[in-house]
């Protein structure tokens, strides 16, 4: 394990594949820090007078992808914050930290931005791909929205756009990493406990 750079695992999958649920389990057992690109963007959107707030909300509502400069900036800031906190607590077991980056990179622009600004500063271990049937993912997202998730994109219209974006823009990135033998695919269609049994075998 490299101690000189933060270790990164990219976590990708369709909306509703259970990425967030599984990341919480990994964090609890293996000491990773979970950074959700979507959560960071939503938090930035909610900051009063944020210069990016309106732009981020437009992209989220339309199921499109926020410009990489914004997303990479928020990820780098969050990673630096956690690394400093870890150092202040005297925790140097994993150098500058271990991070699950959830929902990133989602397209070529994300990939290019990460390669140019962050790839040399981090150690990418692998890409964790939660693969699930679209119909099941839609059902999960709609249930999440009905239960009061507070997400403006948990509705059928936004979901159609998000699945289209995943198929045309995110899948090619996953296929690129597959060629490098960096993708660990998990069947995410069963219940969370069974899915996590598969996840554990990778960590």
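Please treat every number below as a calculation from the coordinates, not as lab data. Because the structure is predicted, anything quoted here is derived from the model rather than measured. Neighbour counts are summed over all protein chains in view; Cβ atoms, including those assigned to glycine, are modelled from backbone coordinates with ideal geometry.
How much length, in nm to one decimal, is gained on full extension between residue 147 and residue 202, taken as 0.36 nm per residue of separation minus their Cα-Cα distance?
Extending this stretch completely gives an extra 16.6 nm.
Going by the alpha-carbon gyration tensor, a ≥ b ≥ c the square roots of its eigenvalues, is region 7-85 rounded (a/c under 1.5) or, if a/c is not under 1.5, prolate (a/b greater than b/c) versus oblate?
The shape class here is oblate.
Just check region 99-203 against the gyration tensor rule for me: Cα atoms, a ≥ b ≥ c as the square roots of the eigenvalues, rounded for a/c under 1.5, and otherwise prolate or oblate depending on whether a/b exceeds b/c.
The shape class here is oblate.
Given contacts defined as C-alpha pairs under 8 Å and at least six residues apart, what's the relative contact order of the chain, whole-number percent?
Worked out over the chain, it gives 35 percent.
Could the peptides 195-202, 97-104, 44-51 be put in order, highest first, of the mean number of other beta-carbon atoms found within 10 Å of their residues?
Going by the mean number of other Cβ atoms within 10 Å, highest first, we get 97-104, 195-202, 44-51.
Sketch the reach of a paramagnetic label on residue 160 as a point 7 Å from Cα along Cα-to-Cβ, and name the residues of region 13-29 whose backbone nitrogen lies under 16 Å away.
Residues passing the 16 Å test: none.
For region 12-120, what does the relative contact order come out to in percent, with C-alpha contacts under 8 Å and a separation of six or more?
37
Using only Cα atoms, locate the centre of region 53-77 and the centre of region 103-118, then give the distance between them in Å, rounded to an integer.
Distance between centres, Cα-based: 12 Å.
Starting from the Cα-Cα distance between residue 24 and residue 77, subtract it from 0.36 nm times their residue separation and give me the gain in nm to one decimal.
Computed gain between residue 24 and residue 77 is 17.0 nm.
Rounded, prolate or oblate, given the Cα gyration tensor of region 145-203, with a/c below 1.5 counting as rounded?
Note, shape of region 145-203 comes out oblate.
Along each of its three principal axes, how wide is the spread of alpha-carbon positions in region 7-196, in whole angstrom units, largest first?
Projected onto its principal axes, the Cα set of region 7-196 covers 46, 43, 33 Å.
Add -39500 (n - 2.57) for each DSSP H run of 4 or more in the chain, then divide by its residues: what number comes out at 222 nm, to the nearest 500 deg cm²/dmol?
-15500 deg cm²/dmol
Would you please put 141-152, 160-171 in order of how densely packed they are, using the mean number of other Cβ atoms within 10 angstrom per residue and starting with the highest?
160-171, 141-152
Could you compute the FRET efficiency for residue 109 and residue 49, with r as their C-beta to C-beta distance and R0 at 30 Å, rounded to 0.05?
0.70
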